[in-house]
């Protein structure tokens, strides 16, 4: 039998709201993880440099704006853009994982070492 304190806590509207917010955050993080699977094409990271970093072409569904370029700079050096593709250099394996979790990124392709 649950204690009276536990029963009171379960009935608390504030705790229920907190539980709903925590559940929504967990569901959103789960969705980001699921949609990240398969976003990186085969060959991404196949030719790392001496530091273990490599070029990646980030494909978007739209021309990138300043916000997107600044966000991508967190994971590598921007070497330029071609329409809806942003060319990044010096991306780490952890950077590829983080990029794949961004919902606005369509795919990650192997970059060319320009």
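Coordinate-derived values only; no laboratory data. Here the structure is a predicted model, which is why all the values come from computation and not from measurement. Quick reminder, even Gly has a Cβ in these numbers, built from the backbone with ideal geometry, and neighbours come from all protein chains shown.
Annotations
- Fraction of antiparallel bridges per DSSP, the chain only, in percent to nearest 5: 95
- A Förster radius of 35 Å combined with the Cβ-Cβ distance from residue 59 to residue 27 puts the calculated FRET efficiency at roughly 0.85.
- Given (i) 23.5, 85; (ii) 18.7, 66; (iii) 20.3, 68, the label whose value is Rg and Dmax of the Cα atoms in Å derived from this model: (iii)
- Residues within the reach of a label modelled at residue 50 (point 7 angstrom out along Cα to beta-carbon, backbone nitrogen below 16 Å), restricted to segment 83-101, are 90.
- Three-way shape call for segment 54-110 based on the alpha-carbon gyration tensor, with the a/c threshold at 1.5: rounded
- Ranked packing of 64-75, 91-102, most packed first, by mean Cβ within 10 Å: 91-102, 64-75
- Once C-alpha pairs closer than 8 Å and six or more residues apart are averaged by separation and normalised to the residue number of segment 54-110, the relative contact order reads 48 percent.
- Relative contact order computed over the chain (Cα-Cα under 8 Å; 6+ residues apart), in percent: 32
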